[in-house]
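I am attaching a structure below and will ask some questions about it afterwards.
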Amino acid sequence: MKLVVLLGDGMADLPLAQLQGKTPLQAAKKPNMDLLAKRGRSGLAQTVPEGFPPGSDVANLSVMGYSPSRHYSGRAPLEAAAMGVVLAEGDIAFRCNFVTIVDGIMQDYSAGHITTEEGRELIEALQPLMPQRRLYAGVSYRNLLVLQAGAKAICTPPHDISDQPVADHLPRGPDAELLIRLMDAARPVLAGHPVNEKRIAAGKRPANAIWLWGQGPAPAMPSFAEKYGLLGAMISAVDLLKGIGKYAGLEVIDVAGATGNIDTNYEGKVQAALQALKRLDFVYLHVEAPDEMGHEGNTELKVKAIELFDEQVVGPMVEGLDKSGEDWRVLLLPDHATPIAIKTHSRDPVPFTIAGTGVSPDGVERFDELAAQQGGYGLVEATKLVGLLRE
Ligand SMILES: [Zn+2]
């Protein structure tokens, strides 16, 4: 039996006046997701347990069956794994965002989705400021800093404070002074850097500050093979998911042209997944775009991102699985909601559907937040989902 998780990051949302009271999932033309719901069994999943911040790190760990209370140690250590940065005893990894701050206000948590190449140049310029020079360039605005301090500092994700004064959200608690000193030291270096001068001249947002958050030591996680006896692969553009895949002992497959945004290489991801399933039992296919559109507060593009996920990922994957002649099952879901109204994540339960060999329909005919409430599975804890997929 081939098992596949198809995850559209942040797809869930709330009813919007702009969509005549519908959610983006309800408004989107998504015949393939609706057909899966019609063929399968639906429900609601609690992906973010009580007491944890609603984010892709906690939510995807839960969906993969790793209880966050036992295995979550922060976002950045997971991304470190994807970047090939090994964390030794005492190492604390930090996510280091490039951001745009204007008049003390967080204007953009992604510095206008700065390119990876531009980011790399800025990281080089900032390296001399960092203790032990352990600053690593990542994808677009997402970078990594490794320190031997700061584990207990209270830091805030920049995408949670869009359009708010940064002074109210600077790091607090133990070692906060060190983190603020590094963030302050970066400002003058970034302010005069040619990369930013060029961006400003082109009417783009400059990366005029760094923002440190999501820190922690290396997590301890049993492999997927140990947990489920399954050999599998992770397909995603973002380091967070690649890192979770690495710690779970999955094969991390890089797809050229996968950007982590709405212009990603959907077809390449599907082809890589179908190829991998010829020799593996399990594939986790993650698409980031709907979440990015949610953070931007762009309803039209969030609906578009959902439609592209349906047309270019869900449809072709099910077609490919049918053609393979193998028994198969698909788990379709978002990891969390990224409501347009708040431009960040919420911990509301998310809709999910399991369809395929041996799964009998429960009467639900559409895939969305409302229809899933009538689903045969009811409300389940997300760490149970892989178990239900295999049942
Ligand atoms: Zn997410």
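The values are calculated or read from the model by the stated rules, or taken from the named source; none is laboratory data. All values reported here derive from a predicted model rather than from experimental measurement. Note that each Cβ is placed from the backbone with ideal geometry, even for glycine, and that neighbours are counted across all protein chains shown. All accessible areas refer to the heavy atoms of the entire protein, side chains included, with ligands and DNA or RNA removed. Shrake-Rupley method; radii C 1.70, N 1.55, O 1.52, S 1.80 Å.
Could you please put Tyr141, Tyr136, Tyr228 in sequence from largest to smallest accessible area, using a 1.4 Å probe?
Tyr136, Tyr228, Tyr141
Of Ile180, Ile200, which has the most accessible area and how do the rest follow, probe 1.4 Å? Walk me through the numbers before you get to the answer.
On the way: Ile180 45, Ile200 100 Å².
Solvent-accessible surface, decreasing: Ile200, Ile180.
Now for a separate question. Starting from the Cα-Cα distance between Gln132 and Ala256, subtract it from 0.36 nm times their residue separation and give me the gain in nm to one decimal.
41.4 nm
Right, something else. Farthest toward the dipole's positive end in the chain, which of Val330, Ile340, Leu3, given Cβ charges of +1 (Lys, Arg) and -1 (Asp, Glu) about the Cα centre?
Result: Leu3, furthest along the dipole toward the positive end.
Around Asp108, which amide H atoms from residues at least 5 apart in sequence, or from another chain, sit under 5 Å from its own amide H, with H modelled in the peptide plane?
For Asp108, the qualifying residues are Thr100.
Go ahead and run the numbers for FRET between Leu178 and Lys384, Cβ-Cβ distance against an R0 of 56 Å, rounding to 0.05.
0.85
Rounded to whole Hz and in sequence order, give me ³J(HN,Hα) for segment 193-201 from the Karplus expression 6.51 cos²θ - 1.76 cosθ + 1.60, θ = phi - 60°, writing x for Gly and Pro.
With the stated coefficients, segment 193-201 comes to 7, x, 4, 6, 4, 5, 5, 4, 4 Hz.
Please report the Cα spread of segment 92-216 along all three principal axes, rounded to whole Å, starting with the longest.
For segment 92-216, the Cα spread along each principal axis is 40, 31, 23 Å.
Once you have the Cα-Cα distance between Ser223 and His113, take 0.36 nm times their residue separation minus that, and quote the gain in nm to one decimal.
Extra length available between Ser223 and His113 comes to 36.3 nm.
To continue, here is another question. Quick one: dipole size for segment 256-391, taken about the Cα centre, charges +1 on Lys/Arg Cβ and -1 on Asp/Glu Cβ, in debye to the nearest 20.
Numbers: 12 positive and 23 negative charges, 70 e Å.
Approximately 340 debye in magnitude.
Follow-up. With angles folded into 0 to 90 degrees, how steeply does helix 116-126 sit against the dominant principal axis of the chain? Use alpha carbons for both and round to 10.
So the inclination is approximately 30 degrees.
Where nothing but the Cβ of Lys and Arg (+1) and of Asp and Glu (-1) is charged, how large is the charge dipole of segment 56-176 around its Cα centre, in debye to the nearest 20? Before the final figure, lay out the partial values.
Working: 9 positive and 14 negative charges, 92 e Å.
With only Lys, Arg, Asp and Glu charged at Cβ, the dipole is about 440 debye.
I've got another one for you. Could you derive backbone 3J(HN,Hα) for segment 211-227 from the dihedral phi with the Karplus parameters 6.51, -1.76 and 1.60 (θ = phi - 60°), listing whole Hz in sequence and x where the residue is Gly or Pro?
Once θ is set to phi - 60°, the couplings for segment 211-227 become 9, 9, 6, x, 7, x, x, 4, x, 10, 9, x, 6, 4, 5, 5, 6 Hz.
A further question follows. For a test of the definition: using alpha carbon positions, the gyration tensor, and the 1.5 limit on a/c, classify segment 134-189 as rounded, prolate or oblate.
Working: a/c = 1.43, a/b = 1.05, b/c = 1.35.
Rounded, because the longest to shortest axis ratio a/c is under 1.5.
Here's another thing I want to ask about it. By what distance, in whole Å, do the Cα atoms of the chain stretch along each of the three principal axes, largest value first?
61, 48, 37
Need one value: the accessible area of Ser236 in square angstrom, 1.4 angstrom probe, rounded to the nearest 10.
Approximately 0 Å² for this residue.
Sticking with this one: Give the separation of the Cα centroids, segment 268-320 to segment 352-373, in Å.
Here the two parts' Cα centres lie 18 Å apart.
Additional query: For segment 231-373, what is one quarter of the convex hull surface built on the Cα atoms, given in nm²? List each step's numbers first, then the result.
Values: hull surface 35.9 nm².
One quarter of the hull surface, i.e. the mean projection, equals 9.0 nm².
Also: Expressed as a whole percent, how much of the Cα-Cα distance distribution for segment 1-125 exceeds 24 Å?
Cα-Cα pairs in segment 1-125 separated by more than 24 Å: 53 percent.
Something else now. Return the long-range amide H neighbours of Val252 (sequence gap of 5 or more, or a different chain), with a cut-off of under 5 Å between placed amide H atoms.
Placed amide hydrogens put Met234 under 5 Å from Val252.
Let me ask something additional. Provide the percentage of antiparallel DSSP beta bridges, counting only those with both residues in the chain; round to the nearest 5.
Restricted to the chain, the bridges split so that about 60 percent are antiparallel.
Hey, what do the phi angles of segment 382-391 turn into as Karplus ³J(HN,Hα) couplings, whole Hz, using 6.51/-1.76/1.60 and θ = phi - 60°, x for Gly and Pro?
4, 5, 8, 4, 5, x, 5, 5, 8, 3
Hey, got the dipole for the chain? About the Cα centre, +1 on K and R Cβ, -1 on D and E Cβ, debye to the nearest 20?
400 debye
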